[in-house]
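In what follows, a structure is listed as structure tokens, so that the remarks can point back to it.
The values are calculated or read from the model by the stated rules, or taken from the named source; none is laboratory data. Because the structure is predicted, anything quoted here is derived from the model rather than measured. Counting neighbours? That spans all protein chains shown, and the Cβs are built from the backbone with ideal geometry, glycine included. Heads up: the accessible areas ignore ligands, DNA and RNA and are worked out on the full protein's heavy atoms, side chains in. Shrake-Rupley method; radii C 1.70, N 1.55, O 1.52, S 1.80 Å.
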Amino acid sequence: MRHLLNPLDFSVEETNALLELAIDIENNRGKYSKICEGKKLATLFYEPSTRTRLSFEAAMLNLGGSVLGFHSADSSSAAKGESVADTIRVISSYADIAAMRHPKEGAPLVASKFSSIPVINAGDGGHQHPTQTLTDLLTIKRMKGSISDLTVGLCGDLKFGRTVHSLINALIRYPNIKFVLISPEELKVPDYIRDDVLKANNIEFSEVTSLDEAMPELDILYMTRVQKERFFNEEDYIRLKDTYILDKQKLKHAKKDMYILHPLPRVNEISVEVDNDPRAAYFKQAEFGVYVRMALILTLLEVK
């Protein structure tokens, strides 16, 4: 039995096989519509989520399975003080696979140690978000044709953004990936990403504060929101939240075949006027998330 707690739990070969399965699902939905009949997915969401929870539920329903679960800690026995370990022990007798989102880093890892069913980390604090990473990789593969020889710009909150940390860890395993890290000083990538991941693996990267200056060289622009829920001080949040806003004017400097990704939800960091630009891939990205999660459920359940 396997779990997915970290984007690196799958080798590059396994990741590529999962992405190919997701593409096959996209192109042949009918073929997979009853493949998980009789199987149940438990969604254990200790903090709010729209896209991630609903895409997991849509994925299992699309496969012919069913879904049960809760969408906040207040609506679970966690409100009464039940531990993650006890919750997953009980849920293991109700479902065949579980997706867990939790505000505490490492909670899905704890769950996996006590679970008798596969556990998928659907986001733990500011730590990891592996299914978003798989979604990002599929989007890059679908839009650019391959995951190699790319200059990837990561813009916004690079300090607290778990999607950014996970994506960097995943992309460094592919050939000729260069990063441009675009953020204010206060939201630069943490030292462990810079030193233990990028520098340690001899990955080419630069850190800049200007999106305009970085734009012409980018093949992928990954925008992120400044996350209010990760700040201890509201004054800092208000000061930094509008640092980068992508609009049509900024896109004039971008390549014609550059694509814009965003893990969503956006607040105002991408102007709505960009939505109709053919380079805007973030709504397609959300759609790809369903196919990736379908492929992941099949892989972890070993359903052929």
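Keeping all protein chains in the complex and leaving out DNA, RNA and ligands, what accessible area do you get for M1 with a 1.4 Å probe, in Å² to the nearest 10?
About 130 Å², ignoring ligands and nucleic acids.
Top mean-square fluctuation among A280, A99, A170, Gaussian network model of the chain, C-alpha springs under 10 Å?
A280
What is the Cα radius of gyration of segment 131-285 over 2.2 N^0.38 Å, N being its residue count? The partial results should precede the final answer.
Working: Rg = 14.5 Å, N = 155, 2.2 N^0.38 = 15.0 Å.
So the Cα radius of gyration is 0.97 times the expected 2.2 N^0.38 Å.
Using Cα-only point scatterers and the Debye equation, what is log10 of I(q)/I(0) for the chain at each q in 0.12, 0.15 Å⁻¹, rounded to two decimals?
-0.79, -1.21
Please go through the residue pairs K144/K248; K256/K284; K141/K188; K113/K284; K34/K304 and name each one whose alpha carbons sit more than 23 Å apart in this structure. Present the calculation step by step, with values, prior to reporting the outcome.
On the way: K144/K248 21 Å; K256/K284 18 Å; K141/K188 27 Å; K113/K284 35 Å; K34/K304 12 Å.
Exceeds cut-off: K141/K188; K113/K284.
Among the GluC sites (Glu not before Pro) within segment 1-92, which fall in a DSSP loop and have no more than 11 other Cβ atoms within 10 Å of their own Cβ? Provide the component values of the computation, followed by the final result.
Details: sites: E13, E14, E20, E26, E37, E57, E82; in loops: E37, E82.
Passing sites in segment 1-92 are E37.
Rounded to a whole number, what % of the accessible area of the chain do carbon and sulfur atoms account for, probe 1.4 Å? Walk me through the intermediate numbers first.
Values: 6440 of 13260 Å².
Ligands and nucleic acids excluded, carbon and sulfur reach 49 percent.
Which whole-number value in Å² is the accessible area per residue of the chain, probe 1.4 Å? Provide the component values of the computation, followed by the final result.
Values: 13260 Å² over 304 residues.
It amounts to 44 Å² per residue over the chain.
Would you rank M258, M143 by solvent-accessible area, highest first, keeping every protein chain in place and using a 1.4 Å probe? Intermediate values should be presented prior to the final figure.
Numbers: M258 0, M143 55 Å².
Final ranking, largest accessible area leading: M143, M258.
Plugging the Kirkwood radius over Cα pairs into Stokes-Einstein for segment 13-161, at a temperature of 20 °C and a viscosity of 1.002 mPa s, what D comes out in µm²/s? Walk me through the numbers before you get to the answer.
Values: Rh = 16.7 Å.
This corresponds to a translational diffusion coefficient of 128 µm²/s.
What is the local net charge at D149, summed over the other residues whose Cβ is closer than 10 Å to its Cβ (Lys, Arg +1; Asp, Glu -1)? Before the final figure, lay out the partial values.
Values: positive: K144, K178; negative: D219.
So the environment of D149 carries a net charge of +1.
I'd like the antiparallel share, as a percent to the nearest 5, of DSSP beta bridges with both residues in the chain.
Working: 1 of 35 bridges.
Here the antiparallel bridges make up roughly 5 percent for the chain.
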